[in-house]
Amino acid sequence: MKPSTNFYTANLVKLLAATLVFIIAANINQTTAAQEPSETQAAAAYSRLPLDPLTTEEKAEAERIARTDPRVREIVAEPGVRLISAEVAAYKSRYAKPGEIAGRFVEVILFGPEREAGARVLVNLARKNVEDVRRVPALEVPMNDDDLKQAFELAIRDAQVQKALGEQARSFRPQITSPESQTLEAPENAVTGLPVRGTRKGDPCMRHRCMQLFFRRGRDFLSEPVVVVDLTAKQVRIEKPHKEGK
């Protein structure tokens with residue numbers, strides 16, 4: 001007995017269906033591969049070498065990518081988030097295959113004063129995405145010129161500080177050291193600062209971000225006032241100068 005026409009038709013339909021599924025799957029794989037280039041392709045399209053110094057544009061792009069990542073915003077929140085640093089990082093992406101080049105990565109550190117929290121963000125400039133996000137405790141976030149400006153603004157409004165500095169109190173200016181600063185010369189009366197950590201029980205600076213300010217008049221640093229600014233609590237205190245032998 002010969003197979004019926006319906007038998008051949010059914011098998012032909014199955015064969016065509018299987019062929020169509022295969023073609024669709026192949027196209028999907030090709031599309032996915034095109035949309036997700038390898039680390040070599042992504043880095044090759046990026047003209048900068050992995051450890052070349054950052055340009056101003058790259059720094060701005062890395063900061064933008066970091067700030068818009070949902071994981072970062074969960075940590076530092078908005079508004080008032082400050083850029084602490086953006087530095088080239090030597091890193092091998094999880095996308096990289098054996099033998100592929102490393103790519104172009106930037107480690108961005110952001111600080112959110114509102115939540116007193118920092119975020120260390122690894123940005124892949126070639127892929128324009130965030131590779132990794134880590135929370136950084138407030139006390140471990142480096143201080144920068146923005147912290148100095150804030151500490152100075154709090155201190156110079158304090159009546160005791162104004163009295164200690166005398167008539168020239170308003171002539172002091174923060175000495176900004178960042179490359180982005182437009183100031184070519186240091187001010188005649190300058191203020192610098194260093195982070196300090198409390199050592200005595202009950203000292204708020206054991207838990208808070210604090211900075212000690214140093215006042216320079218001309219070439220001479222003033223021994224007084226000794227000003228410590230609690231940036232977390234927004235408070236200013238004047239301490240007694242340390243004397244040798246005591």
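Every number in this text was worked out from the coordinates using simple rules, so none of it is lab data. Small disclaimer: the values here were computed from a predicted structure and weren't measured. Every residue, glycine among them, receives a Cβ derived from its backbone with ideal geometry; neighbour counts consider all protein chains shown.
Tabulated data for the structure shown
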quantity: Segment 145-239 - convex hull of alpha carbons, volume per residue in Å³; calculated: 100
quantity: Peptides ranked, highest mean first, by Cβ atoms within 10 Å: ranges 69-76, 220-227; calculated: 69-76, 220-227
quantity: For segment 49-60, Karplus couplings with θ = phi - 60° (6.51, -1.76, 1.60), whole Hz, Gly/Pro x; calculated: 6, x, 10, 4, x, 5, 7, 4, 5, 5, 4, 5
quantity: Nonlocal amide H pairs with GLU131, under 5 Å, H built at 1.01 Å; calculated: LEU122, VAL123, ASN124
quantity: Sorted peptide list for 190-197, 109-116, criterion being average Cβ within 10 angstrom, highest first; calculated: 109-116, 190-197
